């Protein structure tokens, strides 16, 4: 604890000559009238933070002072843990944990627009340079639970990024690698999640997003995959929320994101330079994943999920060897057809042929490979390369 130094003007107690003699019949020593009475002059302890903001301002260079401007009023003492003072283009804050921090410029203006320290809390950093040439300040909410930052760039202005989205944005490399925030963090229309949109370093428009939900965490969607997801209705559409970042396909060329679909079955969007971005959902998506997705026998999707002409089923086509498809109906489930067997089925008229819909995937038989259909079978014979179809017996 700080102590008060003795005041040098206070005389030390002294004992007058002869005062040690006790007068006859007296039980006390009579005071000598020449003895000085001790006195104390104490200096009050300074309140927490006293002078800290002024000292920070005085320590600034002339250029920094020009940037923050002149004081607009006195220092505001909120309590022992918070002081602040307004300047023309900035606000200075003091707390015992952070010392003096300064929020300034366009970040300061956005900070005020969003409710200042009552909403975002106090700045816990000065304004800093981001990885891509932007600027940012970090904030901590009044209850200490929410970490946020306001990022500024000349391309997108100043925008707030909050909590897990902020953490993921930084993990992805901030504006140098992922993009510049182009919106504040917002709740989704169903209030189940939150998101920010971004402009990637090579773009001039919003083409990336980070979405967060409690079950799935924060995941990034960008480029052609994001455009396809937007076309489907964002998180309100059949694909739901992203559950992965954009990932690289096993061949190192394609890209994909997985989504939570309807909650019972997954969904996905898969992209390659040759095929573009196409979506899968429900049991078709589940079967595609079981068959190793773009790294499996089916390859990349060449269509979104479509309805069959008879209105009974659904399907996706793929690039797999010789062409590939997954067909689904409520009665038959989802099954893949590919190669020579698929080519023969297509010749016959697909699901409108006498065979109907597939009821199995391709499997081994004695002479080669086969796929079963509602009303028959198609076989590929290994020894001759012949593909034959026949009705059920």
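The values are calculated or read from the model by the stated rules, or taken from the named source; none is laboratory data. Note that the structure is a prediction, hence the values are computed from the model and not measured. Quick reminder, even Gly has a Cβ in these numbers, built from the backbone with ideal geometry, and neighbours come from all protein chains shown.
Considering region 208-217, the residues that are assigned to a strand (DSSP E or B) and either at pLDDT below 95 or touching a strand residue (DSSP E or B) at 6+ places or on another chain (Cβ under 9 Å) (or both) include one that is farthest from residue 173 (Cα to Cα), namely 213. For residue 380, are the conditions met, namely being part of a helix (DSSP H, G or I), farther than 20 Å from residue 281 by Cα and in contact with a strand residue (DSSP E or B) (Cβ under 8 Å, 6 or more places away or on another chain)? No. With respect to the conditions (1) in contact with a strand residue (DSSP E or B) (Cβ under 9 Å, 6 or more places away or on another chain); (2) not in a loop (DSSP other than H, G, I, E, B), residue 176 falls short on a single one, namely (1). Of the residues screened, residue 143 is not one that is without any contact (Cβ under 8 Å) to a residue 60 or more places away in the chain, over 21 Å from residue 182 (Cβ atoms) and over 29 Å from the mean Cα position of the chain (by Cα).
Select from region 190-207 the residues that are part of a strand (DSSP E or B) and farther than 14 Å from residue 234 by Cβ and write down the one among them that is farthest from the chain's Cα centre (by Cα).
199
Per-residue answers, yes or no, for (1) in contact (Cβ under 8 Å) with a residue 24 or more places away in the chain; (2) out of contact with any helix residue (DSSP H, G or I) (no Cβ under 8 Å at 6 or more places or on another chain); (3) over 30 Å from residue 159 (Cα atoms):
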| site | (1), (2), (3) |
| --- | --- |
| 221 | yes, no, no |
| 225 | yes, yes, no |
| 231 | no, yes, no |
| 245 | yes, yes, no |
| 250 | yes, no, yes |
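When region 378-393 is filtered for residues that are within 22 Å of residue 313 (Cα to Cα) and crowded, with 20+ Cβ neighbours inside 10 Å, only 378 remains. Within region 108-125, the set of residues being loosely packed, with under 14 Cβ neighbours inside 10 Å and in a loop (DSSP other than H, G, I, E, B) comprises 115 only. I'd like to know if region 182-189 contains one or more residues that are loosely packed, with under 14 Cβ neighbours inside 10 Å, in contact with a helix residue (DSSP H, G or I) (Cβ under 7 Å, 6 or more places away or on another chain) and farther than 22 Å from residue 294 by Cα. Yes, the conditions are met somewhere in region 182-189. What tally of residues in region 341-358 results from selecting those that are surrounded by fewer than 17 Cβ atoms within 10 Å (Cβ to Cβ) and in contact (Cβ under 8 Å) with a residue 24 or more places away in the chain? Residues flagged as surrounded by fewer than 17 Cβ atoms within 10 Å (Cβ to Cβ) and in contact (Cβ under 8 Å) with a residue 24 or more places away in the chain within region 341-358 amount to 4.
Please tell me if residue 349 is in contact with a strand residue (DSSP E or B) (Cβ under 6 Å, 6 or more places away or on another chain) and over 20 Å from residue 274 (Cβ atoms).
No.
With the condition being touching a residue at least 24 places away in the same chain (Cβ under 8 Å), I'd like the strands (runs of 3 or more DSSP E) fully within region 60-107 carrying at least 2 qualifying residues. Output list reads 82-86, 90-95, 99-104. Within region 145-166, restricting attention to residues that are in contact with a strand residue (DSSP E or B) (Cβ under 7 Å, 6 or more places away or on another chain) and surrounded by fewer than 19 Cβ atoms within 10 Å (Cβ to Cβ), which residue is nearest to residue 129 (Cα to Cα)? Of everything passing the filter in region 145-166, 155 is nearest to residue 129 (Cα to Cα).
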